[in-house]
Amino acid sequence: MLISLIATKQMAEEIRKALADAGDIVFEHNGKLDSESVKEIFYSASRVSADVLIVDLDVFYGKEIISALQGFRIARPNTRIIVIAPERKPGDEIISSIVGLGIYDIAAGEKESNWSEIIKNILLSPPATYAQAARWHTGQFLNASIQTKERVIIEERPAGIVTIAIAGTAHGIGCTHTALSISSFLARLGHSTAVIEDSERPVFSFLCSVLKAKEGKVEGSYAVYGIDIFPLNESENNNNWNYDMLLKKIKAGQYEYVVRDLGVLDSARKREMYRADIAFVVASAARWRWHEIIDRFDSEFSVVFPLASQSDVEEISFYAGIKGTALPYCPNPFAKESDSVFLKLLAPVLPSRKKRRTLFGVF
């Protein structure tokens, strides 16, 4: 039996005792996880073919574990998940949500319990059923004598891979920063996202080195903050677009969104902008640089202004005849400060939701 393990150091030692005769550990993480690293660790675990994933809830601080487990179940639907829940009691909100995901193997007990024996017994037993986990579930369908109204959310998603192109009016204007910010935003929404470098001044290789990026979904990609980065390989490029050379890998990675960092806008890159589902021009709102917008403006593309105030953007929009958007100060492209802005900018290519009320009988 092959085991993936995410646990505190103390619990990991107990689990190793249980696995002495039961299986081998093929993936392991020990220690606490913050909100940013939870998704990364579970993504790494999902890339390993294991029979069982054992998760210790004491590793996590908040509710990020719920979405992480949901993503893991989608990626590895046949892997059995065992949740260790020290000191947790029926009615616990997090465990109730976990049971709602269809994960029924819940190992509960006091801190001083013989956890190695508990885990061993679970591993040697058939997977638990809902009947065994129902006491943890506080969902609204527990009382079979009541009918209830449920909101059904119908989600309409764009067909195929959505391509987003980003180009700047000049070097150093914030094109790469914006491309990474949009990619990070999409990843936080739970979408499989890749960002591809097609700039005149490649920097992604250096970025991956600084951030100590791990291997991404497909060969040649690097995983950073939940997104896959494809740096430009100048030695193999031969003046071709990196995006075109990576089409097979993009398909193999099953990405929902691909963001292209095109660098400084010129005639060739303008053609690439038209190939995208949605495109953005990154520009400066400084008055002495207004000509960069006027000279390169195309009404088909949205214009974003990093580090600009709303009044600055309104002024240049009036004189240039455009509708620009200000991006707030956010030195970290993987942070959330611009999420509300990107939600509006990307609305045409994001899944849309429609709510419908129906009456269900309770099972």
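The values are calculated or read from the model by the stated rules, or taken from the named source; none is laboratory data. In this text, all values refer to a predicted model and were calculated from it rather than measured experimentally. Note: ideal-geometry Cβ built from the backbone for every residue, glycine included; neighbour counts use all protein chains shown. SASA here: full protein model, heavy atoms, side chains in, ligands and nucleic acids out. Shrake-Rupley method; radii C 1.70, N 1.55, O 1.52, S 1.80 Å.
Rounded to the nearest 10 degrees, what's the angle between the helix 175-188 long axis and the longest principal axis of the chain, both from Cα atoms, 0 to 90?
The angle comes out at about 30 degrees.
For residue 170, list long-range residues whose amide hydrogen, built 1.01 Å from N in the peptide plane, is under 5 Å from its own amide hydrogen.
For residue 170, the qualifying residues are 265.
For the residue pair residue 17 and residue 67, what label-to-label distance in nm results when each label sits 7 Å from Cα along the Cα-to-beta-carbon direction?
3.7 nm
Could you pull the accessible area for residue 269 with a 1.4 Å probe, rounded to 10 Å²?
Number for this one is 30 Å².
What nm distance separates the two modelled labels at residue 271 and residue 132, each placed 7 Å from Cα along Cα→Cβ?
In this crude label model, residue 271 to residue 132 measures out at 6.2 nm.
Could you give the angle, 0 to 90 degrees to the nearest 10, between helix 310-320's Cα long axis and the longest principal axis of the Cα atoms of the chain?
Tilt of helix 310-320: around 40 degrees.
Roughly how tilted is helix 9-18, in degrees to the nearest 10 and between 0 and 90, from the longest Cα axis of the chain?
Compared with the principal axis, the helix lies near 50 degrees.
With a Förster radius of 35 Å, plug the Cβ-Cβ distance of residue 215 and residue 288 into 1/(1 + (r/R0)^6) and report the FRET value to the nearest 0.05.
Efficiency, from the Cβ-Cβ distance: 0.20.
Hey, can you grab everything whose amide H is under 5 Å from the amide H of residue 216? Only 5+ residues off in sequence or another chain; H modelled, so Pro and N-termini drop out.
221, 222, 223
Can you give me the relative contact order of the chain as a percent, contacts being Cα pairs under 8 Å and 6 or more apart?
Normalised by residue count, the contact order of the chain is 17 percent.
Residue 78 to residue 320: extension gain in nm, 0.36 nm per residue of separation minus the Cα-Cα distance?
81.5 nm
Accessible area per residue, 1.4 Å probe, Å², for the chain: what's the number?
53 Å²
Which FRET efficiency, nearest 0.05, do residue 87 and residue 121 yield, Cβ-Cβ r, R0 30 Å?
Calculated value: 0.95.
Give a residue-ordered list of calculated ³J(HN,Hα) values for the stretch 77-85 (Karplus: 6.51 cos²θ - 1.76 cosθ + 1.60, θ = phi - 60°; whole Hz; x for Gly, Pro).
Here the 3J(HN,Hα) series is x, 9, 7, 6, 10, 10, 9, 9, 10 Hz.
At a threshold of 8 angstrom on Cα-Cα distance, excluding pairs fewer than six apart, so keeping six or more, what relative contact order does the stretch 1-126 reach in percent?
So the answer I get is 28 percent.
For residue 26 and residue 244, FRET efficiency with R0 = 30 Å and r from the beta-carbon atoms, rounded to 0.05?
That gives a FRET efficiency of 0.25.
Between residue 233 and residue 302, what is the label-point separation in nm under the 7 Å Cα-to-beta-carbon projection?
The modelled label-to-label distance comes out at 3.3 nm.
Could you give the length gained by full extension between residue 335 and residue 352, i.e. 0.36 nm per residue of separation minus their alpha carbon distance, to one decimal place?
3.7 nm is the gain from fully extending residue 335 to residue 352.
5 Å is the cut-off here: which amide hydrogens, built 1.01 Å from N in the peptide plane, fall below it relative to residue 259, excluding neighbours closer than 5 in sequence?
Long-range HN contacts for residue 259: 164, 194, 195, 196.
Hey, which aspartates and glutamates would be in cross-link range of residue 270, C-alpha to C-alpha under 20 Å, not counting anything within fewer than 8 residues on its own chain?
Straight-distance partners of residue 270: 197, 198, 200, 244, 261, 292, 295, 298, 300.
Calculate what fraction, in whole %, of the accessible area of the chain sits on carbon and sulfur atoms when a 1.4 Å probe is rolled over the protein chains.
Carbon-and-sulfur percentage of accessible area, whole number: 50.
Largest first, what is the accessible-area ranking of 291, 29, 191 with a 1.4 Å probe?
Ranked list, largest accessible area first: 291, 29, 191.
Residue farthest toward the positive end of the dipole of the chain, with Cβ of Lys/Arg at +1 and Asp/Glu at -1: which of 96, 1, 209?
96
For the stretch 273-282, just list the computed ³J(HN,Hα) in residue order, Karplus coefficients 6.51, -1.76 and 1.60, θ = phi - 60°, integers in Hz, with x standing in for Gly and Pro.
4, 5, 6, 7, 6, 8, 9, 10, 9, 9
Please give the charge dipole size of the stretch 21-116, origin at the Cα centre, charges +1 on K and R Cβ atoms and -1 on D and E Cβ atoms. Round to the nearest 20 debye.
That gives the stretch 21-116 a dipole magnitude of about 380 debye.
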